[in-house]
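Sending over a structure as C-alpha cells; questions will come in a sec.
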Amino acid sequence: MNGVTNVTWFEVSEKRFDDMLGALPPQVMRGGGFLLGEASDFNSHGELTYLAFRQRGEIFEQATRPLTLAEFDAAVQEHTDDTD
C-alpha cells in the first residue's frame with residue numbers, strides 16, 4: 001500500500017534519472033531518491049511540489065505527480081520500511 005495519496009511510481013531509464021539529477025541541484029536527496037531542485041507547482045494548501053525520482057535497486061522511477069517535501073519524506077520512509 002502506498003502511504004502517499006494518489007501517487008504511484010513508473011519506471012524511467014537510468015539516463016532520465018541521471019539527467020534530472022544533474023539538471024539542477026536537488027531540493028532534497030535521501031533514501032535513494034530526490035526532488036528536482038525547482039518547484040514545478042504548488043498544491044491546494046499552497047505547498048510547493050517537485051518532480052520526484054527514486055532508485056530501487058537497479059530500477060529507476062518517477063512519481064506520477066509532483067510531491068511536497070512531506071509526501072516525499074513519507075514515500076522514502078515507506079520504501080525504507082519495505083526493505084527492512
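Quick one: Karplus J couplings for segment 8-14, per residue in order, coefficients 6.51, -1.76, 1.60, θ = phi - 60°, nearest Hz, x for Gly and Pro?
3J(HN,Hα) across segment 8-14, in whole Hz: 10, 10, 10, 6, 10, 6, 4.
Separate question: For the chain, set up a GNM with springs between Cα atoms under 10 Å and report which of Leu67, Leu35, Leu48 has the largest fluctuation.
Leu48
Would any residue of segment 14-35 have its amide N under 18 Å from a label point 7 Å out along Cα→Cβ of Glu58? List them or say none.
14-18
Calculate for the chain the 222 nm mean residue ellipticity that helices alone would give, adding -39,500 (n - 2.57) per DSSP H run of length 4 or more and normalising by residue count, nearest 500 deg cm²/dmol.
Helix contribution divided over all residues of the chain: -9500 deg cm²/dmol.
Here's another thing I want to ask about it. Would you kindly calculate the translational diffusion coefficient of the chain, applying Stokes-Einstein with the Kirkwood radius from alpha carbon pairs, for 37 °C and a viscosity of 0.692 mPa s, and quote it in µm² s⁻¹ without decimals?
It comes out at roughly 257 µm²/s.
What list of ³J(HN,Hα) couplings, whole Hz, do you get for segment 22-35 from phi and the Karplus terms 6.51, -1.76, 1.60, once you set θ to phi - 60° and write x for glycine and proline?
Along segment 22-35, the couplings run x, 5, 8, x, x, 5, 8, 9, 6, x, x, x, 7, 9 Hz.
Where a number appears in this text, it was derived from the coordinates with a stated rule and is not lab data. Bear in mind the structure is a predicted one, so any value in this text is a computation, not a measurement. Every residue, glycine among them, receives a Cβ derived from its backbone with ideal geometry; neighbour counts consider all protein chains shown.
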